[in-house]
Each structure stands twice: as structure tokens, then as C-alpha cells.
1. Looking at the stretch 110-118, can you tell me whether even one residue there is out of contact with any Cys (no Cβ under 7 Å at 6 or more places or on another chain), within 28 Å of residue 29 (Cα to Cα), exposed (fewer than 13 other Cβ atoms within 10 Å of the Cβ) and without any contact (Cβ under 8 Å) to a residue 12 or more places away in the chain?
2. Take the conditions touching a helix residue (DSSP H, G or I) at 6+ places or on another chain (Cβ under 6 Å) and of a type in the set (Asp, Glu) and apply them to residue 150. Does it pass?
3. Among 175, 128, 162, which is the only one that is basic (Lys, Arg), surrounded by fewer than 18 Cβ atoms within 10 Å (Cβ to Cβ) and under 25 Å from residue 103 (Cα atoms)?
4. Can you find a residue in the stretch 150-172 that is of a type in the set (S, T, N, Q), within 29 Å of residue 32 (Cβ to Cβ), at pLDDT 95 or above and touching a strand residue (DSSP E or B) at 6+ places or on another chain (Cβ under 6 Å)?
5. Could you please let me know if residue 142 is under 25 Å from residue 81 (Cβ atoms) and surrounded by 13 or more Cβ atoms within 10 Å (Cβ to Cβ)?
6. Within the stretch 14-49, work out how many residues are touching a helix residue (DSSP H, G or I) at 6+ places or on another chain (Cβ under 9 Å) and modelled with pLDDT of 95 or more.
7. Quick one: in the stretch 89-128, of everything that is among the polar types (S, T, N, Q) and not in a loop (DSSP other than H, G, I, E, B), which residue is nearest to residue 59 (Cα to Cα)?
8. Would you point out the residue of the stretch 139-178, among those that are of a type in the set (D, E, K, R) and not in a helix (DSSP H, G or I), that is farthest from residue 89 (Cα to Cα)?
Amino acid sequence: MRKHLSAVLCAGLALALLGCSGAVVPRPQEPQESIVFGHIDMSDAPVNLQWVSIRQYAPPSEAPYWSAGVADGNYWQWYLKPGSYGVDSFGGSGFNSNYSFNMPRQSKALRLVIQKPGIYFLGSYKYKPVKTGFFEPGKYDLEESDKPTEAEVLHDLLKLVKGTPVEPKLQARLKEVQ
């Protein structure tokens, strides 16, 4: 009984770690799929970046929301097909609270149109709270930042994808931007 219980606990822990990391590339990319990634510095936010939701605006889709992998402020999605996309929301949890920061629909930040398969960097941004005189944790701005660079984010992502089908693609992109 004890052996069975410890085996179940170990298997559960392994699955939880794989599910949370977002680093595992579960299947090879199809030829029309693109890699999209970026960075949000949350050092001035009430929480660390723990999740990012990407929305597909065009073409219309029955499942327009994509969860991005997240680690150390970097986020990525390996499987986006041609179309129009944007970060829809991002956030995290802390101090017994969940924080969700929705991107304004009119915002041009963190948007892209994929016309042909490739690797797309959405840029680096810094979360800045907006002070209104009242406590309003949902009020914020995103400032474009030059740090980390695309090459620095690629270095971080390469550590997560060793031995996966996307590693050679990210290595080739890193050579292009260095």
C-alpha cells in the first residue's frame, strides 16, 4: 500500500511539474505553425507573471484563446497558425488574491499578424501601475522596454527546450539576431 501511494504521489508530482512549466513541447510543429514569444517585466506589479492568454482575432475560430508558457517574465506559444493575434490578458496570484490584467482592445501593444510561418518576438514591456488616488489594482500601463532583448529571451527559452523540435529553430533565430 505504501509503495503504491508513493508511486501515485511521484507520478502526480511529475505531471504537475510538466503541466505548470509550459516548457515541454508536446508535439512537433506543423509546417504552417509559428513561434511567438515576448517578455513582461512585472517588478512593479503586485504579482509575478504566472500566466498569459493569447487571443486569435482572425480568422474566426471556435477556440480563439491560447495559453502561453511562462517562466521568469518570458512567455511563448509554439503553435500559432497564420492569422491576427494579441495578448488578451496576463496575471498571477499572490497574497491570497488573483490578479488579472486585461489588455484594452484598442491597444496596439502585444499584437501581431502572422502572414507566413516564422518566429515572432512581441517585444519587452514593463508593467507600470497607474495611480488614481484610490486603490485600483487593475489600472496599469505597459511601457515598451529595450530589456531584455530578443536575443536574451531566446537564450532563456533555449534552456527550456533542449532536445525538443523547436530547439534548432530557436538556435537559428538567435544566430540571426545576434
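1. No, every residue in the stretch 110-118 fails to be out of contact with any Cys (no Cβ under 7 Å at 6 or more places or on another chain), within 28 Å of residue 29 (Cα to Cα), exposed (fewer than 13 other Cβ atoms within 10 Å of the Cβ) and without any contact (Cβ under 8 Å) to a residue 12 or more places away in the chain.
2. Values: touching a helix residue (DSSP H, G or I) at 6+ places or on another chain (Cβ under 6 Å): yes; of a type in the set (Asp, Glu): yes.
Yes, satisfied.
3. 128
4. no
5. On the way: under 25 Å from residue 81 (Cβ atoms): no; surrounded by 13 or more Cβ atoms within 10 Å (Cβ to Cβ): yes.
No; evaluated as a whole, the condition is false for this residue.
6. 4
7. Step by step, filter the stretch 89-128, then rank; the result is 89.
8. Filtering the stretch 139-178 down to residues of a type in the set (D, E, K, R) leaves 139, 141, 143-144, 146-147, 150, 152, 156, 159, 162, 167, 169, 173, 175-176.
Those left that are additionally not in a helix (DSSP H, G or I): 139, 141, 143-144, 146-147, 162.
Working: 139: 13, 141: 13, 143: 16, 144: 17, 146: 21, 147: 21, 162: 28 Å.
Ranking the candidates gives 162 first.
The values are calculated or read from the model by the stated rules, or taken from the named source; none is laboratory data. All values derive from a computational prediction rather than experimental measurement. Every residue, glycine among them, receives a Cβ derived from its backbone with ideal geometry; neighbour counts consider all protein chains shown.
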